[in-house]
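Beneath this line is the structure, given in structure tokens, with notes to follow.
The values are calculated or read from the model by the stated rules, or taken from the named source; none is laboratory data. Keep in mind that what you see is a predicted model, and the values were worked out from it rather than measured. Using ideal geometry, Cβ is built from the backbone for each residue, glycine included, and neighbour counts are taken over all protein chains shown.
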Amino acid sequence: MNIALKITSLLLSYPEQELLDGLPELKAALASSAVPEAVALGRLIDDLAGRDLYEAQERYVHLFDRTRSLSLHLFEHVHGESRDRGQAMVDLMALYETGGFEIDAKELPDYLPLFLEFLSTRPRAEAEDLLGQTAHITEAIGERLGKRESVYASAFAALSLLSSAEADQKLLKELMAAPEDDPDDLKALDRIWEEEAVTFGGNAGEGACGPDRLRTRMRAAERQPGDVAGSVSN
């Protein structure tokens, strides 16, 4: 499982030449591990291997950076730009720190490739639990990518196989009901992405680093905005 999580993390990251050069090695690692996710991830690897760097980067930006409903920042889908997102960032950062996982200061903690990299360092039971808490978000993104016939849907199909938990159907339905963005409507994009910087740091509070606290944050979509801020940490 850890190998598949690490490879999925790399494949969902912004394509750099280093990634494209390492695709044969990633495919070989999948083949040797014989994980059930290998077929789905192999499709994405083969697709990226057939593209030049600029083409791969342009497609990635068009999908994930210019389409908010496909954002790879997990809390974007449940908190948007509300103040609760900042606290959720603090909680997730505390979880990373407790696990001895250090991240680059320029990365937001809820960036999916970063979250998957963290999970790849954890024991299987913990990784499965935390991955299951995000299942409604990753399945929503995967379904939207599938509608666009994007090969990136394969990575999210792999995540579904890796997760031992079924996505909460109520939360999934709520996420899928949200309107999708037109990545070519630049005026709308400018309006959507006018936002204040998300800052986090300091003391996350007693018990803020536990998996139960993360579960509360990930399930925020089913709560009223006022209820989220008053959630009790375990």
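Annotations
- Pairs where the first residue, in segment 20-31, is in contact (Cβ under 8 Å) with a residue 24 or more places away in the chain and surrounded by 11 or more Cβ atoms within 10 Å (Cβ to Cβ) and the second is of a type outside the set (A, V, I, L, M, F, W, C) and assigned to a helix (DSSP H, G or I), C-beta under 8 Å, 6+ apart: LEU30/GLY42
- Odd one out for GLU174, checked against (1) outside any helix (DSSP H, G or I); (2) farther than 30 Å from LEU26 by Cβ; (3) at pLDDT 75 or above: (1)
- Residues that are of a type in the set (Gly, Ala, Ser), at pLDDT below 95 and closer than 18 Å to VAL61 by Cβ within segment 134-167 are absent altogether.
- Segment 41-65 - residue that is within 17 Å of LYS147 (Cα to Cα) and touching a Leu at 6+ places or on another chain (Cβ under 7 Å) and, of those, surrounded by the most Cβ atoms within 10 Å (Cβ to Cβ): LEU44
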